[in-house]
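Visitor: Would you mind keeping the following structure in view while I ask a few things?
The values are calculated or read from the model by the stated rules, or taken from the named source; none is laboratory data. Everything numeric here is computed off the predicted structure, so don't read it as measured data. We place every Cβ from the backbone using ideal geometry, glycine too, and count neighbours over all the protein chains shown.
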Amino acid sequence: MTETLVKGVYKVGEEIEDTKAPKDVPLSQVWQERKNHVNLVNPANRRKLNIIVVGSGLAGGAAAASLGEQGYNVQCFFYQDSARRAHSIAAQGGINAAKDYRNDDDSVYRLFYDTVKGGDYRARETNVYRLAEVSTNIIDQCVAQGVPFARDYGGYLDNRSFGGVQVSRTFYARGQTGQQLLIGAYQALERQVAAGTVKEFPRHEMVELIVSEGRARGIVARNMVTGELETYIADAVVLATGGYGNVFFLSTNAMGCNATAIWRAYRKGAYFANPCFTQIHPTCIPQHGDQQSKLTLMSESLRNDGRIWVPKKVEDCAKDPREIPEEDRDYYLERIYPAFGNLVPRDIASRQAKNMCDEGRGVGPEVDGVRRGVYLDFAEAIGRLGKKAVSDKYGNLFDMYERITGDNPYEVPMRIYPAVHYTMGGMWVDYDLESNLPGLYIGGEANFSDHGANRLGASALMQGLADGYFVLPATMSNYLSQAFSFPKLDENSPDVVAAREAAQSQIDRLMSINGTRSVDSFHKELGNIMWEYCGMERTEEGLLKAIGLIRKLREDYWQNVKVPGKTVGGLNQSLERAGRVADFMELAELMCIDALHREESAGGHFRAESQTEEGEALRQDDRFAYVGAWEWGGSADAAPILHKEPLVYKNIELKQRSYK
Ligand SMILES: Cc1cc2nc3c(=O)[nH]c(=O)nc-3n(C[C@H](O)[C@H](O)[C@H](O)COP(=O)(O)OP(=O)(O)OC[C@H]3O[C@@H](n4cnc5c(N)ncnc54)[C@H](O)[C@@H]3O)c2cc1C
């Protein structure tokens, strides 16, 4: 490792690589070859091995159910009161799979290609190819579970298109795909609960990872009902704890989504990859005031039939849109990107919406002197298909929009604006989804693996279920086959005691400050800094400023935050939030450092210094074709260490992305 600080904030360590994907076989055989050679655990021995799964969303629920079905002894933790309330339930639009039911020449290769290209060539070929390969099994599995996917007139499963692709490969259940898939995973999970292979721990929040002799061996969880800290020991730990978009305070994520589990693992030595790769979704209901704590997504599926436009003339922006004649409307995505039109990927659609508003052609009420909204208009679709057909496809989304805004989207165009939605960054994992800490596996949105710098719509559900149903159950035995030689641990083992004490001391510290500011007020200020300087457009100057501001805010937090209530003996939601916000503060700084070091634009990471003449993201493959995996520096004030994993493309040619 070089001891010199780069840009005053980070150090550079050794390069790393994935050692698990077989190297000398064609891409299409890599997954089978890996499965052919992983070590197995005898079925009779599986029930003697304990696996902790943190998370009951699509990734965690599917993993816990599948590992239980294999016969392992699984403990599944989540902070909601029911596994069915994981944030995955909110997913609206759909799930991709390369089934080619529409006979439009789709294939595993095309899904792989679209995903790598959509991610702006910053994802690993082997992982993405496997994702495309198992996508087809996911649909079969879910149909077998009874997931009510939409069907066409003849009874076949229906498909629609999502951004960044030219085929229809998205399976959906109206605007409730996540909910229906989660009910499927939940049924599978409950079956194992009844069979005695899975035990659930609702209202338990993991607050520390137990690491012993370099291996992940358990967790410390806070019982949110009693406030007690409890320790759980296992042979392997899976974190499927979702994304960290709520670092921005305002996002489309559920209010409870947080980074604590992965951040505590990072502090214990697990690498955090590409933390700055954040997705800003183009179709959200615009923010309407500064007292808001949540933003609402309008599914990307709406871009199948809705047309996005702004007035051509600034003076028309305050008018009723129905009074603006066709010739005075600018359908800017159709104009700039004729090949993909309204179905360009999210990063591109978001940036163009921002550009339109920056030009002064935004619509809706002014916030700080600027109208931040564009129209998503269904008039043409209603004329072409009829109101009933539009309602059949999108009815629940239209109802939701009307309930929130008071406008009827069958009559008046919706107003939308980009909002933080998904995090492509996450814990670094190899092909087996194992982190650099042996025995620690990461699935779903919590890992960094498949989406590069920009995720295509309907690919997160696919990835979460691929990880949970098909990848983790196939790879973990390789590690677990050695578990019988691991030293026995108990409550009193030094590493277990140390982990519990670390968790307790953070809680004690937070409770003892007794300052004057609420946790939420700090979170909101952090979110404003992140949105301003590490949001849709980033510059070196802005990121350096943000790092300084976050450090000051963090210092202030540890002196002035007020956490009312008791540590034990009952519910304390302020304390829950206080721990999460403390972790967000440190994560926010790492995100800015990552964004600062990556002096290129790629996907959702737009560095103003690196753009084409037409204002598109300009990658710099000669300098940045790698995954940036960060190692904890040892304390919140120490510089993190960057490990680069070079990305090698043998099956796809790197090109400047074009959707024109
Ligand atoms: C509004 C919205 C709509 C979306 N629509 C789509 C879509 O149509 N298609 C698509 O592909 N993607 C969509 N996405 C993205 C997708 O929903 C998520 O990426 C995906 O559901 C994440 O699943 P997960 O299993 O990784 O995590 P989650 O579903 O977030 O589950 C996380 C689990 O971890 C638990 N957990 C977290 N931290 C802790 C802790 N410290 N201790 C204990 N438990 C913990 C939680 O209790 C929960 O059970 C959408 C996202 C949003 C916000």
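Visitor: List every residue pair whose Cβ atoms sit under 6 Å apart, with the two residues 6 or more apart in sequence or on different chains, where the first one lies in the range 587-616 and is touching a residue at least 60 places away in the same chain (Cβ under 8 Å) and the second, anywhere, is polar (S, T, N, Q).
Guide: If the second residue must be polar (S, T, N, Q), the pairs left are Gly603/Asn454; Gly604/Thr278; Gly604/Gln279; Gly604/Asn454; Arg607/Ser601; Ala608/Thr539.
Visitor: Name the residues in the range 409-421 that are surrounded by fewer than 24 Cβ atoms within 10 Å (Cβ to Cβ), out of contact with any Phe, Trp or Tyr (no Cβ under 8 Å at 6 or more places or on another chain) and not hydrophobic (A, V, I, L, M, F, W, C), would you?
Guide: Listed by number, the list holds a single entry, Glu411.
Visitor: Name the one entry in Ala98, Ala123 that is part of a loop (DSSP other than H, G, I, E, B), under 24 Å from the mean Cα position of the chain (by Cα) and closer than 19 Å to Met424 by Cβ.
Guide: On the way: Ala98 fails: closer than 19 Å to Met424 by Cβ.
Of the residues listed, the single one that is part of a loop (DSSP other than H, G, I, E, B), under 24 Å from the mean Cα position of the chain (by Cα) and closer than 19 Å to Met424 by Cβ is Ala123.
Visitor: Within the range 215-238, does at least one residue satisfy the condition of being within 13 Å of the ligand (Cβ to nearest atom), more than 21 Å from Gln506 (Cα to Cα) and of a type in the set (Val, Ile, Thr)?
Guide: yes
Visitor: Restricting the range 451-479 to residues that are surrounded by 24 or more Cβ atoms within 10 Å (Cβ to Cβ) and more than 10 Å from the ligand (Cβ to nearest atom), which is nearest to Met591 (Cα to Cα)?
Guide: In this case the residue turns out to be Ala453.
Visitor: Kindly evaluate Ala64 against the criterion of being in contact (Cβ under 8 Å) with a residue 60 or more places away in the chain and in contact with a Ser or Thr (Cβ under 6 Å, 6 or more places away or on another chain).
Guide: Numbers: in contact (Cβ under 8 Å) with a residue 60 or more places away in the chain: yes; in contact with a Ser or Thr (Cβ under 6 Å, 6 or more places away or on another chain): no.
When the stated conditions are applied, Ala64 does not pass them.
Visitor: What's the total number of residues in the range 392-427 that are closer than 22 Å to Gly535 by Cα and either within 16 Å of the ligand (Cβ to nearest atom) or at pLDDT below 95 (or both)?
Guide: Within the range 392-427, the first condition is being closer than 22 Å to Gly535 by Cα, and the residues that meet it are 415-427.
Those left that are additionally either within 16 Å of the ligand (Cβ to nearest atom) or at pLDDT below 95 (or both): 416-427.
Residues flagged as closer than 22 Å to Gly535 by Cα and either within 16 Å of the ligand (Cβ to nearest atom) or at pLDDT below 95 (or both) within the range 392-427 amount to 12.
Visitor: Anything in the range 237-254 that is of a type in the set (A, V, I, L, M, F, W, C) and crowded, with 24+ Cβ neighbours inside 10 Å? List them, or say none.
Guide: Of everything in the range 237-254, those that are of a type in the set (A, V, I, L, M, F, W, C) and crowded, with 24+ Cβ neighbours inside 10 Å turn out to be Val237, Val238, Leu239, Ala240, Val247, Phe248, Phe249.
Visitor: Here are Ala123, Ala98, Ala83: which of them is in contact (Cβ under 8 Å) with a residue 24 or more places away in the chain, closer than 24 Å to Asp432 by Cβ and within 15 Å of the ligand (Cβ to nearest atom)? Give the steps one after another, and end with the answer.
Guide: On the way: Ala123 fails: within 15 Å of the ligand (Cβ to nearest atom); Ala83 fails: closer than 24 Å to Asp432 by Cβ.
Of the residues listed, the single one that is in contact (Cβ under 8 Å) with a residue 24 or more places away in the chain, closer than 24 Å to Asp432 by Cβ and within 15 Å of the ligand (Cβ to nearest atom) is Ala98.
Visitor: Follow-up. Go through the residues of the range 96-112 one by one and say whether even a single one is closer than 30 Å to Glu576 by Cα and surrounded by fewer than 19 Cβ atoms within 10 Å (Cβ to Cβ).
Guide: Within the range 96-112 (the criterion being closer than 30 Å to Glu576 by Cα and surrounded by fewer than 19 Cβ atoms within 10 Å (Cβ to Cβ)), the answer is no, since none of the residues qualifies.
Visitor: Separate question: Give the residue that is surrounded by the fewest Cβ atoms within 10 Å (Cβ to Cβ), with candidates limited to residues of the range 596-623 that are touching a Gly at 6+ places or on another chain (Cβ under 9 Å) and among the aliphatic types (A, V, I, L, M).
Guide: Residue satisfying both the conditions and the ranking: Ala608.
Visitor: Same structure, new question: From the residues in the range 439-450 that are in contact with a helix residue (DSSP H, G or I) (Cβ under 9 Å, 6 or more places away or on another chain) and outside any helix (DSSP H, G or I), which one is farthest from the ligand (Cβ to nearest atom)? Even if it seems obvious, please write down each step before you answer.
Guide: Within the range 439-450, the first condition is being in contact with a helix residue (DSSP H, G or I) (Cβ under 9 Å, 6 or more places away or on another chain), and the residues that meet it are 439-447, 449-450.
When the remaining residues are screened for being outside any helix (DSSP H, G or I), the result is 439-443, 447, 449-450.
Values: Gly439: 18, Leu440: 14, Tyr441: 13, Ile442: 10, Gly443: 7, Asn447: 9, Ser449: 11, Asp450: 11 Å.
If we take residues in the range 439-450 being in contact with a helix residue (DSSP H, G or I) (Cβ under 9 Å, 6 or more places away or on another chain) and outside any helix (DSSP H, G or I), then Gly439 is farthest from the ligand (Cβ to nearest atom).
Visitor: Still on this structure, please answer the following. For residues that are buried (at least 18 other Cβ atoms within 10 Å of the Cβ) and at positive phi, tally how many sit in the range 624-657.
Guide: The total comes to 0.
Visitor: Restricting to the range 42-80, name every residue that is touching an Asp or Glu at 6+ places or on another chain (Cβ under 6 Å), within 12 Å of the ligand (Cβ to nearest atom) and either among the basic types (Lys, Arg) or not in a strand (DSSP E or B) (or both).
Guide: Looking only at the range 42-80, we keep the residues that are touching an Asp or Glu at 6+ places or on another chain (Cβ under 6 Å), and these are 49-50, 59, 76, 79.
If we keep only those that are within 12 Å of the ligand (Cβ to nearest atom) as well, we get 59, 76, 79.
Once the filter is applied, which keeps residues that are touching an Asp or Glu at 6+ places or on another chain (Cβ under 6 Å), within 12 Å of the ligand (Cβ to nearest atom) and either among the basic types (Lys, Arg) or not in a strand (DSSP E or B) (or both), the range 42-80 yields Ala59, Tyr79.
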